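The values are calculated or read from the model by the stated rules, or taken from the named source; none is laboratory data. Note that the structure is a prediction, hence the values are computed from the model and not measured. Methodologically, a virtual Cβ is constructed for each residue, glycine included, from the backbone with ideal geometry; neighbour enumeration extends over all protein chains shown.
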């Protein structure tokens, strides 16, 4: 059974909200109980292996979604060849994790944490194949359920480890064990609901065909991961474990909201891929609606968090993390831009312009590394935040310019809608900042939310008809 873009976005967003709430709470507990330095090691071990996940995938997931959405009769043939291909890539990537962890000279404890995190990387690489097949069928319901179950199991295992004061390794195993369970769950669902039966078949010609199309995705993925985590790698060699811990908190808060554009692009990417073959003129309309939807959500998050950043950090993580407040506030600029870049990237990939997306990512990566090498010794982690903001400006504006040349989009409509949202979020943010000086941020949050909604109606960024339309589209 397939669902609409709105329905799939609702499924995945709802699941991701719950998953991120659990993950966010889990990280807060870790940060408070294990201290700033241990938090830095824990954060870096996961960040380090995250870079190699794109080598394990090698762009095959995106190609699989696109091609399986266009050729459903070849589902099982695709699944078997990609499965065994990704087993090989997964083993190869794990070898790279071990190799670079040793070449970079990390201490024994950190290396062991990285090795364990690499197991999670391998398992995630496997279950992502089956999620891709469900995405191609425009069905994100099973993936949504898997996301929730995995995170809940992580919380249980990690919570027990923290309560019993087990070694830091268990906090990494709390991800590996649920990932293994996820492989069993989604592969079984694929067999029962999609009729996918795995066997020892591997089509060499099909593999070459997929690889030829996946190389741009792979390069883009590798560059994107380096763009996202190169700052952490540089900080691990140039700054202290304490500074890594201080960086991890605002980064984690910022990352907690990335599920929103990820959920939307997971839905619009296969839809755009299909439209590119059947009705190209509708891609621009889908692009505009996606930007408007994301701006409606990200603007109040950015303005609101900026206003209450200090009490949030102090109350949730402890006063020892207060130096990370300006880092969080600056990273919120990157949050807005990264939301929009998700859509531009998905659009370029869907219309077979993945090479252009790769070039844009490469330019952003070079900018990021260069600026970090200059700014980290001078400003510390604040330099990394400045770099992230400027790099995201390049990526988002560059992507928008390229998409504009290829896809017909009503940019005047987007600009008009953006101004209405900006005004509403700005009023909300200023009000929240003034209120949080006098009352608890917990009370300020719902008040600020109400102010935002009122001003959305006042500026007509949100109307009764639009609300009814959203409700109608998300019904199953």
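So which of 405, 460 is out of contact with any strand residue (DSSP E or B) (no Cβ under 6 Å at 6 or more places or on another chain), at positive phi and modelled with pLDDT under 85? Explain how you work it out, then say what you get.
On the way: 405 fails: at positive phi.
Checking each option against the conditions leaves just 460.
What pairs come up if the first residue lies in segment 400-422 and is free of Cβ contacts under 8 Å to residues at least 60 places away in the same chain, the second is surrounded by 14 or more Cβ atoms within 10 Å (Cβ to Cβ) and assigned to a helix (DSSP H, G or I), and their beta carbons are under 6 Å apart, counting only those six or more places apart or on different chains?
Between residues of segment 400-422 that are free of Cβ contacts under 8 Å to residues at least 60 places away in the same chain and residues that are surrounded by 14 or more Cβ atoms within 10 Å (Cβ to Cβ) and assigned to a helix (DSSP H, G or I), the close pairs are 402/356.
Quick grid of which residues meet (1) farther than 30 Å from residue 216 by Cα; (2) surrounded by 22 or more Cβ atoms within 10 Å (Cβ to Cβ):
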residue: 355; (1), (2): no, no
residue: 365; (1), (2): no, no
residue: 370; (1), (2): no, no
residue: 392; (1), (2): no, yes
residue: 404; (1), (2): no, no
residue: 432; (1), (2): yes, yes
residue: 435; (1), (2): yes, no
residue: 441; (1), (2): yes, no
residue: 444; (1), (2): yes, yes
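Please state which one of 58, 122 is at pLDDT 85 or above and either crowded, with 22+ Cβ neighbours inside 10 Å or under 23 Å from the mean Cα position of the chain (by Cα) (or both). So that I can check it myself, show each step before the final result.
Numbers: 58 fails: at pLDDT 85 or above.
Result: 122 is the single residue among 58, 122 that is at pLDDT 85 or above and either crowded, with 22+ Cβ neighbours inside 10 Å or under 23 Å from the mean Cα position of the chain (by Cα) (or both).
Which of (1) crowded, with 19+ Cβ neighbours inside 10 Å; (2) farther than 25 Å from residue 108 by Cα is the odd one out, the single condition residue 149 does not satisfy?
Residue 149 satisfies every listed condition except (1).
Out of 236, 232, I need the residue that is more than 20 Å from the chain's Cα centre (by Cα) and modelled with pLDDT of 75 or more. Which one?
Numbers: 232 fails: more than 20 Å from the chain's Cα centre (by Cα).
From the options 236, 232, the qualifying one is 236.
Test residue 99 against the stated conditions and say whether it is closer than 20 Å to residue 235 by Cα, modelled with pLDDT of 85 or more and buried (at least 22 other Cβ atoms within 10 Å of the Cβ).
no
Among the residues of segment 376-385, write down those that are surrounded by fewer than 17 Cβ atoms within 10 Å (Cβ to Cβ) and touching a helix residue (DSSP H, G or I) at 6+ places or on another chain (Cβ under 8 Å). If you could, list the steps in order and put the result at the bottom.
Let us first name the residues in segment 376-385 that are surrounded by fewer than 17 Cβ atoms within 10 Å (Cβ to Cβ), namely 377-379.
Within segment 376-385, 377, 379 meet the criteria.
Is it fair to say residue 398 is assigned to a helix (DSSP H, G or I) and within 24 Å of residue 352 (Cα to Cα)? Don't jump to the end; show me each part of the working.
Values: assigned to a helix (DSSP H, G or I): yes; within 24 Å of residue 352 (Cα to Cα): yes.
When the stated conditions are applied, residue 398 passes them.
Could you say which residue among 339, 422 is assigned to a helix (DSSP H, G or I) and surrounded by fewer than 23 Cβ atoms within 10 Å (Cβ to Cβ)?
Unique residue meeting the criteria: 422.
Go through segment 401-427 residue by residue and tally those that are over 28 Å from residue 453 (Cβ atoms) and touching a helix residue (DSSP H, G or I) at 6+ places or on another chain (Cβ under 9 Å). Can you show your working first?
Of segment 401-427, the ones over 28 Å from residue 453 (Cβ atoms) are 401-408.
From the residues that got through so far, the ones that are touching a helix residue (DSSP H, G or I) at 6+ places or on another chain (Cβ under 9 Å) too are 402-404, 406-408.
Looking only at that region, the number is 6.
One residue is enough: does segment 268-279 have a residue meeting the conditions farther than 28 Å from residue 103 by Cα, under 20 Å from the mean Cα position of the chain (by Cα) and modelled with pLDDT of 80 or more?
Pass one, segment 268-279, residues farther than 28 Å from residue 103 by Cα: 268-279.
Checking the rest, the ones that are also under 20 Å from the mean Cα position of the chain (by Cα) come to 268-272.
Those left that are additionally modelled with pLDDT of 80 or more: none.
The answer is no, given that none of the residues of segment 268-279 is farther than 28 Å from residue 103 by Cα, under 20 Å from the mean Cα position of the chain (by Cα) and modelled with pLDDT of 80 or more.
Among the candidates 32, 20, single out the residue that is surrounded by fewer than 23 Cβ atoms within 10 Å (Cβ to Cβ), assigned to a helix (DSSP H, G or I) and at pLDDT 75 or above.
Details: 20 fails: at pLDDT 75 or above.
Checking each option against the conditions leaves just 32.
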